[in-house]
Amino acid sequence: MALETKGQSTFSALMPARASGTLQGLLIGVSFAVGLTVVATAGFAQTASQEATAEAPATEDVVQETPAAPAATDEAEATATEASTTVAPQITDAEVVAPDGDATSAVVFMYHRFGEGEYPSTNITMEQFTAHVKELTSGSYTVIGVPQIVSALSENKGLPDRTIGITIDDAYRSVYEKAWPVFREHNLPFTVFVSTEQLDSGYANYMTWDMVRELSEADVTIGGHSQNHAHLPDFDIDRVKAELANSAARFKEELGYVPDIFAYPYGEANAEVITAVKEAGYRAAFGQQSGAMHTASDFMYLPRFALNEHYGAMDRFDLAANSLPLVVSDITPADYTLTRNPPAFGFTLAEPAPSMNCYPSEGTPTMTRLGDERVEIRLDAPISSGRWRINCTALGSDSRWHWFGMLYTVP
Ligand SMILES: [Zn+2]
């Protein structure tokens, strides 16, 4: 597959000065079997490395936040909100068609909270958010709905270069109170992934169903996120199916339809979970691994770039927004939950990428190149249970970063 090479001018202006050097000079504690010459920016290498190592704890906060005690005022607030009796039909792709273009990829961002400084790993400050919106509306990007991006790329239709999708996980109250007014003012479409039980529980830090209904009626895309925000690979498959069926029933009752795009809680999935999500009627599903999605992506485990206070600065935002896919195939392990630890991680590049390097969140990697295209990475020791990320990046001849990220759940 030919990688997108158009439209370099904007990105060049955004990139820090390039510097040549070996990666060992930039990273401490990471060694490779082959002495690769890497063309990289010092700032970028640091960003990618830190991202791999520091993104993991971000979602831990979600674990802690989920059981938040409901506030006493919840019920009063819920009943005070004017109930909507109408049910909006789901916006179908036939009604909203993505603009045409030559790009075969798009970048999707993931937010959680807005202006909730007590949760920095899942929050974005309003100053950061304002800067993101300013950049997205600068004219350099095409922001369209995630359903349209999924439709276009899954059907091998081109999109405008620098097409961006916006997703928000967990339906926190700050989405309604702080993010939506801004997105609405700028006519920026977005998708909210909802765990139904979090709304049913009436926690004050989550939206009410009335609020979600109001968003849905205003053409905000609502996506599935399981019933209980569960670690789905930990469940036996009947329980996974129950999670999906119960959440579907609640969506049907509250919104009048069942969403068809899903996000795995914590980005965790395995082959059985993915099959169950597909059989439940979802046509696309997102993980929490970084990278640009493209026509050859696994549409049941799509990448997204997480944005939070640690990874919300404009240099990192620009870098992600302008990134292109590093197209690979034959990824091993093929399942997204490890059955062998340490994993025998490998993949085949669609095009040689001699400057590519990889940054794992844990472990000392040894990278071996088999010919121009096969890459094998081994770790010196088993990795801790939880989630393991690895980001592989290469600066293309187009001066844009080509990115391939993986997230494995480690039992
Ligand atoms: Zn979530």
Taking 0.36 nm per residue of separation between Asp398 and Tyr257 and subtracting their Cα-Cα distance, the length gained on full extension comes to 46.4 nm
Relative contact order in percent for segment 182-265 (Cα pairs under 8 Å, 6+ apart) equals 34 percent
A correct fewest-to-most ranking of Arg113, Arg374 by other Cβ atoms within 10 Å would be Arg374, Arg113
The answer for Gly386, listing residues at least 5 apart or on another chain whose modeled amide H is closer than 5 Å to its amide H, is Val410
Long-range amide H partners of Arg374, meaning residues 5 or more apart or on another chain whose placed amide H is closer than 5 Å, are Leu349
Here the gain from full extension of Ala381 to Met314, 0.36 nm per residue of separation minus their alpha-carbon distance, amounts to 20.6 nm
Looking only at lysines whose Cα falls under 29 Å of Lys252's and that sit 8 or more positions away or on another chain, we get Lys178, Lys241, Lys278
On the formula 1/(1 + (r/R0)^6), with r taken between the Cβ atoms of Val97 and Ser138 and R0 of 41 Å, the FRET efficiency rounded to 0.05 is 0.95
Segment 57-325: antiparallel bridges as % of DSSP beta bridges, rounded to 5, reads 15 percent
Sorted by chain and number, the residues with a modelled amide H under 5 Å from that of Gly291, at a separation of 5 or more or across chains, are Arg304, Phe305
Relative contact order as a percentage, segment 57-325, C-alpha pairs under 8 Å and 6+ apart, gives 23 percent
The FRET efficiency for Ala296 and Ala245, from their Cβ-Cβ distance with R0 = 25 Å and rounded to 0.05, is 0.20
Label model pair His231, Ala350: point-to-point distance (7 angstrom along the Cα→beta-carbon line) in nm is 3.5 nm
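A short reminder: the numbers here are calculations on the coordinates, not readings from a lab. Computed from a predicted model, the values in this text were never measured in an experiment. Ideal geometry is used to build each Cβ from the backbone, glycine not excepted, and the neighbour counts take in all protein chains shown.
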